[in-house]
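Since every read-out is calculated from the coordinates, none of them should be taken as a lab result. Worth saying up front: this structure is predicted, and the values here are computed from it rather than measured. Here the Cβ positions follow ideal geometry from the backbone for every residue, glycine too, while neighbour counts run over all protein chains shown.
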Amino acid sequence: MKKLFGLTGKTGAGKSTVSAYLKSEGAYIIDGDIVAREILVDNPDLLKSLADAFGEDILENGALNRKRLAEKAFKTPESTFLLNSIMHPAINEKIHSEANEAFKCYDAVIVDAAAIIESGFADACEKLIVVTAPEEIRKERIIKRDGISEKDAMIRINGQKNDNFYLSRADYVIRNYEPFVLENELEQLINDIF
């Protein structure tokens, strides 16, 4: 039986860790960040929509300056909403296409996407997996992962919904901050997926 799962959580929660584990167990992973980058390549209409919304200075020689876009797009909840309204339809279309292709060879497809609920794609998933971690741990991970300042990390953290937004939709909650707990929860998740 083919199963489509969503994987989400706040930035820095450790979705990539969970995603890597699920991949090692035989699931096909669709990374929403990779899809978002791919759809911007050779897509002048999408780049124009972003430039119209956030300013021409997000483009350099016709290519997107992702850091500059992030600075503008994650500044307020309204600007994040605007970014998502432009990007989500194109991302969802590409994810659906990739999932349909993956199901030819895999029984379980996991869509790893930070905004899977906001985009509406969670509704297409059989179950939703939410990864959590305390804010302080997430902040440290973001600073290390993205090489940004604490201030910029907090802008990204504050640009997201509260914990209840994610947890109220979760079929599975994976706590990614205590190794023993993480291992047990991942083991249970694998038993349910396969």
Inset, instruction - Pull up all non-local amide H partners of Gly9: gap of 5 or more, or a different chain, and H-to-H distance under 5 Å with H placed in the peptide plane. - result: Val131
Inset, instruction - Kindly state, to the nearest 0.05, the FRET efficiency for Ser149 paired with Asn43, given R0 = 30 Å and r defined as their beta-carbon distance. - result: 0.45
Legend entry - Cα gyration tensor category, rounded, prolate or oblate, for region 109-194 with a/c compared to 1.5: oblate
Legend entry - q = 0.09, 0.11, 0.17, 0.18 Å⁻¹, the chain: log10 I(q)/I(0) [Debye, one scatterer per Cα]: -0.34, -0.51, -1.19, -1.31
Inset, instruction - Return the sequence-ordered ³J(HN,Hα) values of region 103-112 in whole Hz as given by the Karplus equation 6.51 cos²θ - 1.76 cosθ + 1.60 applied to θ = phi - 60°, using x for Gly and Pro. - result: 5, 5, 10, 10, 8, 10, 10, 10, 9, 8
Inset, instruction - Give me the number: length gained by fully extending Glu71 to Glu93, i.e. 0.36 nm times residue separation minus the C-alpha to C-alpha distance, one decimal in nm. - result: 5.3 nm
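When the Kirkwood hydrodynamic radius is evaluated over all pairs of different C-alpha atoms of region 65-106, what value in angstrom, to one decimal, is obtained?
Values: mean 1/r = 0.0839 Å⁻¹.
When all Cα pairs of region 65-106 are included, the Kirkwood radius is 11.9 Å.
Determine the equivalent ellipsoid of region 99-149 by diagonalising the alpha-carbon gyration tensor, then write out the semi-axes as square roots of 5 times the eigenvalues, largest first, rounded to whole Å. List each step's numbers first, then the result.
On the way: eigenvalues 166, 36, 22 Å².
Rounded to whole Å, the semi-axes are 29, 13, 10.
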Inset, instruction - Kindly write out, for region 24-32 in residue order, the coupling ³J(HN,Hα) from the Karplus curve 6.51 cos²θ - 1.76 cosθ + 1.60 (θ = phi - 60°), rounded to whole Hz, with x marking Gly and Pro. - result: 5, 8, x, 7, 8, 10, 10, 8, x
Legend entry - Calculated from backbone phi, Karplus (6.51, -1.76, 1.60) coupling profile of region 3-8 in Hz, x at Gly/Pro: 10, 10, 10, x, 10, 8
Inset, instruction - Name the long-range amide H neighbours of Ile30: under 5 Å, sequence gap of 5 or more, or other chain; modelled H, no Pro or chain starts. - result: Ile110, Val111, Asp112
